[in-house]
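Taken together, the values in this text are just the output of simple stated rules run on the coordinates, not laboratory data. Predicted model, so just to flag it, every value in this text is computed and none were measured. Heads up, the Cβs are rebuilt from the backbone with ideal geometry, glycines too, and the neighbour counts pull from every protein chain shown.
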Amino acid sequence: MVVHVNLGPRSYAIVVESGALATVGSRLRALGVGARAALVSDAAILALYGKTVVASLEGAGLAVTTVEVPEGEAAKRLDVAARCWDALLDAGLDRGSTVLALGGGAVGDVAGFVAATYMRGVNFVQLPTTVLAQVDASIGGKTAIDHPKAKNLIGAFHQPRLVLCDPATARSLPQREFRSGLAEIVKHGIVLDAAYFAEVERDAPALLARDLGVLERIIGGSCRLKAAVVERDEQEAELRAVLNYGHTIGHALEAATGYARFAHGEAVALGIAAEARLARRLGLASDETVARQERLLAAVGLPIRDASLDAAAVLDAIRRDKKARDGRVPFVLAPAIGTFRLHYDVTAEDIRSVLDELRGSPG
Ligand SMILES: NC(=O)c1ccc[n+]([C@@H]2O[C@H](COP(=O)([O-])OP(=O)(O)OC[C@H]3O[C@@H](n4cnc5c(N)ncnc54)[C@H](O)[C@@H]3O)[C@@H](O)[C@H]2O)c1
Ligand SMILES: [Zn+2]
């Protein structure tokens, strides 16, 4: 499947195809980029997929330098970005050269930041290898490193020239990491597309079994949904906020638990359960709309209840949310599956009440 992201001169294709990594060289050549490239990745991912990518690039006549960064969030640091800049300079990359990110969202974010800043911006290609990176982080051009005071604080918008998404890579992910990425897929269905949501409901068992055909179709469908949002709101003015569904409370949960207790998608699943309940509490959504969201999250192995949830700590974290405007945090709410609405009038009492509900047992 090929999804086109139409952003005028910054348009690009997202190719979702089993075996796509082996085609990167010829596809890059077709874009007319220069002969030098830098492949940014971590040791674990390089061991799995590095050879395939390097062989494809070299086979197409490109000179490749591999730049290894630390695994996970540790890659998103200024000193790591600086080491990448040094490596690019040493390898003689110029304005026409290309930086490729092979890995999860962390590698994509730091490599994208390096591509956005090196010589005021060079070609960038995303080769996402986690579900989260495939359906979310690799699309839309947000790049960032972390600041000691907050995640993703330093960054730039820099759209990739190409996203090559090989769903087969999702099969080597640890189970928890794989499931965590599914939260974004469920999120896309809830707020953007009822038919897609129903498809994920139907295919949940095959998705969990990582059936290659189902992975390709579901991941491709999610890319299409995110791409459509990015097309309509490239720089996150308003509409793109829809992608924050489940994340206002989800991020607060992660922050309140020191980013240690929950995988991102686990916190988002709980955030979705809470925000689904907010919509019901405000009279926007039915019991069944809430129940369907929770059923699908549970079906893909994500948490929807947490007995030790600390409502006061979560509320505190929401108040510190960087998206707060005039002290109020906008909430994306889902009145029905496939629809959303922005809400600025959610009170602390509303939030406390739905968080209390999540401490109980499912049902
Ligand atoms: N730019 C955006 O729009 C955007 C959106 C969402 C999230 N993010 C960022 O993404 C990051 C999280 O990304 P993530 O969830 O992909 O995790 P990650 O990038 O931190 O990677 C997690 C781990 O998975 C391993 N891994 C990657 N692919 C693998 C594979 N195919 N098989 C086996 N192991 C593999 C990596 O080596 C790493 O240890 C966060 O930093 C977040 O801020 C960015
Ligand atoms: Zn997310």
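Brief remarks on what is shown
- Degrees, to the nearest 10: 348-358 long Cα axis against longest axis of the chain: 90 degrees
- As a proxy for reagent exposure, ranking 187, 226 by other Cβ atoms within 10 Å from fewest up yields 226, 187.
- Helix 78-90 and the longest principal axis of the C-alpha atoms of the chain enclose an angle of approximately 20°.
- Gained length - residue 211 relative to residue 344, 0.36 nm times residue gap less alpha-carbon distance: 43.8 nm
- Mean separation of Cα contacts under 8 Å, 6 or more apart, over the residue count of the chain: relative contact order %: 15 percent
- Mean Cβ neighbour count within 10 Å, used as a protection proxy, ranking 342-348, 121-127, 101-107 highest first: 101-107, 121-127, 342-348
- Sorted on the mean count of surrounding Cβ atoms within 10 Å across their residues, most packed first, peptides 292-299, 259-266, 135-142 read 135-142, 292-299, 259-266.
- When DSSP beta bridges are restricted to pairs lying wholly in the chain, around 35% turn out antiparallel.
- Here the residues 328, 320, 179, ranked from fewest to most Cβ neighbours within 10 Å of their Cβ, fall in the order 320, 328, 179.
- Ordering 242, 358, 181 by the projection of their Cα atoms onto the charge dipole of the chain, which places +1 on the Cβ of Lys and Arg and -1 on the Cβ of Asp and Glu, puts 242 at the extreme positive end.
- Fully extended contour minus Cα-Cα distance, from residue 63 to residue 319, at 0.36 nm per residue: 87.3 nm
- A simple charge model with +1 on the Cβ of Lys and Arg, -1 on the Cβ of Asp and Glu and nothing else charged puts the dipole of segment 2-172 at about 420 debye relative to its Cα centre.
- Compared with the dominant Cα axis of the chain, that is its longest principal axis, helix 247-256 is turned about 90°.
- Its Cα centre serving as origin, the chain has a Cβ charge dipole (Lys and Arg +1, Asp and Glu -1) of approximately 420 debye.
- Lys pairs, the chain - Cα-Cα below 20 angstrom, 8 or more residues apart or on other chains: 16
- Listed peptides 21-29, 147-155, 248-256, 90-98 by packing density, highest first (mean Cβ within 10 Å): 248-256, 21-29, 90-98, 147-155
- Ordered by the count of other Cβ atoms within 10 Å of each Cβ, fewest first, 321, 287, 166, 42 give 287, 321, 42, 166.
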